[in-house]
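A short write-up of the structure that comes next.
The values are calculated or read from the model by the stated rules, or taken from the named source; none is laboratory data. From a predicted model like this one, the values you see are computed outputs, not experimental measurements. Here Cβ is always computed from backbone atoms with ideal geometry, including for glycine, and neighbour counts include all displayed protein chains.
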Amino acid sequence: IKLCLFLGKFKLNYLLKPLKKEYPFLKNSDSSSLQVVNEFLTQSWKNFFQDKTGQVGKPRFHSRKYLKKSYTGKSTIRITGKRYLKIPKLGYVKTSKTGVLQNTKIKRYTVVLEPTGKYYLSLQVEISDPEKYSLTGKQVGIDVGAADLEILSNGLKYPSFDSSYFEKKAKVWQRKYARRRHLAKLLVLQDRNKKVLCPRSLESFTNWQKAQKSKAKYQAK
């Protein structure tokens, strides 16, 4: 019988120090983000071992080519101005809506790079003095229609959004993206079969990456 030792998040965090010596690029990341990864990994293995339905699979390795590019940290973030935050390892970052962070404690933060090329910052905060709302006793009826998006019982109407232009553009760029990426894959395989000295990689072709951004932009709109 082969026994495997299960490492919890605290033991995994203890291994971060020797790992940083072996892989120096880990020092470029916020140390708390690596601890959060260990926390997620531990919880994933626990869900796998405790699952009795067989629907939970093993945790999968996420390489740098993983579709979702994001990381989560729990270090201290400071508000340094009306539109500026100071994030560990990133420094001063220009953002928006810092006014709503008054009288709050930031517990965790997540930086996400969308396929459109835009960065988003999500914050998990704890409110020290939450604002209390009182019931007004008023009611309103909402009717969702075809000609209008919504019609309220008080007479307000919200028109529907015509997305046909963006849908057409998204389909055009979807075809361009698929065609360019397919051609890039063929060229990569061609270099591999010919055993060239410096074979090209899929990331070295920028035309399909530009098409991916344009496609994602219209899909988001």
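State whether one or more residues within region 190-199 are in a loop (DSSP other than H, G, I, E, B) and either surrounded by 13 or more Cβ atoms within 10 Å (Cβ to Cβ) or modelled with pLDDT of 90 or more (or both). Yes, region 190-199 has at least one match. On inspection, PRO59 fails the criterion of being loosely packed, with under 11 Cβ neighbours inside 10 Å and farther than 22 Å from GLU126 by Cβ. Only one entry of ARG108, ARG175, ARG181 meets the criterion of being of a type outside the set (Phe, Trp, Tyr) and in contact with a strand residue (DSSP E or B) (Cβ under 6 Å, 6 or more places away or on another chain), and that entry is ARG108. Being of a type in the set (Lys, Arg), surrounded by 12 or more Cβ atoms within 10 Å (Cβ to Cβ) and either within 30 Å of VAL36 (Cβ to Cβ) or in contact with a Ser or Thr (Cβ under 6 Å, 6 or more places away or on another chain) (or both) is the requirement here; does LYS185 meet it? No: the conditions fail for LYS185. Residues considered: LEU16, LEU7. Of these, the only one that is at pLDDT 85 or above and either surrounded by 10 or more Cβ atoms within 10 Å (Cβ to Cβ) or of a type in the set (Gly, Ala, Ser) (or both) is LEU16. Here the strands (runs of 3 or more DSSP E) wholly within region 85-176 that include at least 2 residues being surrounded by 10 or more Cβ atoms within 10 Å (Cβ to Cβ) and charged (D, E, K, R) are 104-113, 148-152. Inclusion of GLN43 among residues that are part of a loop (DSSP other than H, G, I, E, B), more than 19 Å from TYR119 (Cα to Cα) and either touching a Pro at 6+ places or on another chain (Cβ under 9 Å) or not β-branched (Val, Ile, Thr) (or both) is not warranted. Regarding region 51-62, can at least one residue be identified that is of a type in the set (A, V, I, L, M) and assigned to a loop (DSSP other than H, G, I, E, B)? Taking every residue of region 51-62 in turn, at least one turns out to be of a type in the set (A, V, I, L, M) and assigned to a loop (DSSP other than H, G, I, E, B).
The set of residues from region 200-221 being assigned to a helix (DSSP H, G or I), at pLDDT below 90 and among the charged types (D, E, K, R) comprises just one member, GLU203. Of all the residues in region 21-34, those that are free of Cβ contacts under 8 Å to residues at least 40 places away in the same chain and surrounded by 16 or more Cβ atoms within 10 Å (Cβ to Cβ) number 1. Can we say ALA211 is within 23 Å of the chain's Cα centre (by Cα) and of a type in the set (Gly, Ala, Ser)? So ALA211 fits the description; yes.
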